[in-house]
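Asker: The following block contains the structure, expressed as structure tokens.
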Amino acid sequence: EEYRTRVNKILKKAGELVVQSVAPGKTDKRSDNMGRNFKKANLNGRDFSMSLLIAANLEGCSLYGTNFLGADMRDTNIQNADLRESLFLTQAQVNAARGNEHTKLPDTLSRPIAWKCR
């Protein structure tokens, strides 16, 4: 638990530093974004860490430097979104989201097979 707490502090600080370098002064952090429609929005540098993004619409969004540390992305629409330069995005988050062949993922993550059916 002590190790997890220390690592979490470091990851949070790293996320804050990137967000501030991408979008200086941006402080509009909400923890509940369930069902919100961000379609085609510029969300560069947004801090979605620990946010509820359940069924949110991120279709076609620009997400450079966006922090997804611990975000709940069940049924989040990430179709046509560019997530290649986002922060702390995990395979589990991608698997829980809805994407398509035009969703751009970081090289370290795989496109879920279920997306091919959409």
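The values are calculated or read from the model by the stated rules, or taken from the named source; none is laboratory data. In this text the structure is predicted, and so the values were computed from the model without any measurement. All Cβ positions, glycine included, derive from the backbone under ideal geometry; neighbour counts span all protein chains shown. Ligands, DNA and RNA are excluded from the accessible area calculation, which covers all protein heavy atoms including side chains. Shrake-Rupley method; radii C 1.70, N 1.55, O 1.52, S 1.80 Å.
Asker: Multiply the residue gap between residue 17 and residue 104 by 0.36 nm, knock off their C-alpha separation, and tell me the result in nm, one decimal place.
Answerer: Details: separation 87, 0.36 × 87 = 31.32 nm, distance 2.36 nm.
Going from the current span to full extension adds 29.0 nm.
Asker: Next up: Roughly how many Å² is the accessible area per residue of the chain, as a whole number, for a 1.4 Å probe?
Answerer: Working: 6880 Å² over 118 residues.
Result: 58 Å² of accessible area for each residue.
Asker: Here's a follow-up. What pairs from 9/40; 9/116; 13/116; 13/104; 40/116 go past 29 Å between their alpha carbons? Don't jump to the answer; show the numbers that get you there.
Answerer: Working: 9/40 31 Å; 9/116 37 Å; 13/116 36 Å; 13/104 26 Å; 40/116 22 Å.
In this structure, 9/40; 9/116; 13/116 lie more than 29 Å apart at Cα.
Asker: Residue by residue through segment 46-57, which ³J(HN,Hα) values in whole Hz follow from phi under the Karplus form 6.51 cos²θ - 1.76 cosθ + 1.60 (θ = phi - 60°), with glycine and proline marked x?
Answerer: Here the 3J(HN,Hα) series is 6, 9, 9, 4, 6, 8, 8, 10, 4, 6, 6, 10 Hz.
Asker: Also, I was wondering about something else. Quick one: if the Förster radius is 41 Å, what FRET efficiency do residue 55 and residue 10 give, using the C-beta to C-beta distance and rounding to 0.05?
Answerer: Rounded to the nearest 0.05, the efficiency is 0.85.
Asker: With all protein chains present, how much of the accessible area of the chain (probe radius 1.4 Å) comes from carbon and sulfur, to the nearest whole percent? Mind showing how you got there, number by number?
Answerer: On the way: 3570 of 6880 Å².
So the carbon and sulfur contribution to the accessible surface is 52 percent.
Asker: Suppose the chain between residue 85 and residue 113 were pulled fully straight at 0.36 nm per residue; how much longer would it get relative to their current alpha carbon spacing?
Answerer: Numbers: separation 28, 0.36 × 28 = 10.08 nm, distance 2.20 nm.
The span from residue 85 to residue 113 would gain 7.9 nm if fully extended.
Asker: Beyond 25 Å, what share of the Cα-Cα pairs of the chain remains, rounded to the nearest whole percent? Kindly include the intermediate steps, with their values, before the conclusion.
Answerer: Numbers: 1224 of 6903 pairs.
Of all Cα-Cα pairs in the chain, 18 percent lie more than 25 Å apart.
Asker: Assign unit charges at the C-beta atoms only (+1 for Lys and Arg, -1 for Asp and Glu), then state the dipole size of the chain relative to its Cα centre in Debye, rounded to the nearest 20. Provide the component values of the computation, followed by the final result.
Answerer: Working: 19 positive and 13 negative charges, 22 e Å.
Its charge dipole is roughly 100 debye.
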